[in-house]
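The structure appears right after this line, and notes come after that.
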Amino acid sequence: MSYRRIYATVRRIPRGRVATYGQIARLAGIPRQARQVGYALAALRDGDADAVPWHRVVNAKGEISRRATPGSDELQRVLLESERVAFDSLGRIDLRRFLWRAG
DNA sequence: CCGGTGACGCGCG
DNA sequence: GCGCGCGCCACCG
């Protein structure tokens, strides 16, 4: 399948907000396939942040999911902080404040 | 075909 | 709130 629907949904996340993998999966019409969302985002090339704001997708606990290649998650945090998304001392985002409520 | 592998999520203790 | 186990399912070798 193509990741078209996934990317289209991620593009809807507004600046300064975040969505979870599971949430994107549901909105994209593929419920219970949160892993596919991560897989799709992993397929993006570096520099695609303009077209697809992949950094606005975090896990259900509000934290940045660890990648195979360490260090790339640092970039995600920097990008989020640059749009005023706050992290607590444990590196977690308060989803009550920053979760994107679609619709 | 088959088994291993995830940028995941949820229920349980 | 935390770790653990298990379910999920497309991909890949």
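When the test is whether a residue is over 17 Å from residue A:64 (Cα atoms) and either surrounded by fewer than 13 Cβ atoms within 10 Å (Cβ to Cβ) or at pLDDT 95 or above (or both), residue A:45 passes it. Answer with yes or no whether residue A:19 is farther than 23 Å from residue A:94 by Cβ, buried (at least 17 other Cβ atoms within 10 Å of the Cβ) and touching a residue at least 12 places away in the same chain (Cβ under 8 Å). The answer is no for residue A:19. Restricting A:45, A:56 to those that are touching a residue at least 12 places away in the same chain (Cβ under 8 Å) and either more than 6 Å from DNA strand B (Cβ to nearest atom) or basic (Lys, Arg) (or both) reduces the list to A:56. Applying the set (1) surrounded by 12 or more Cβ atoms within 10 Å (Cβ to Cβ); (2) within 20 Å of residue A:23 (Cβ to Cβ); (3) at pLDDT below 95 to residue A:75 leaves exactly one unmet item: (2).
The values are calculated or read from the model by the stated rules, or taken from the named source; none is laboratory data. Everything numeric in this text was worked out from a predicted model, so none of it was measured. Note that we place each Cβ from the backbone using ideal geometry, even for glycine, and neighbour counts take in every protein chain shown.
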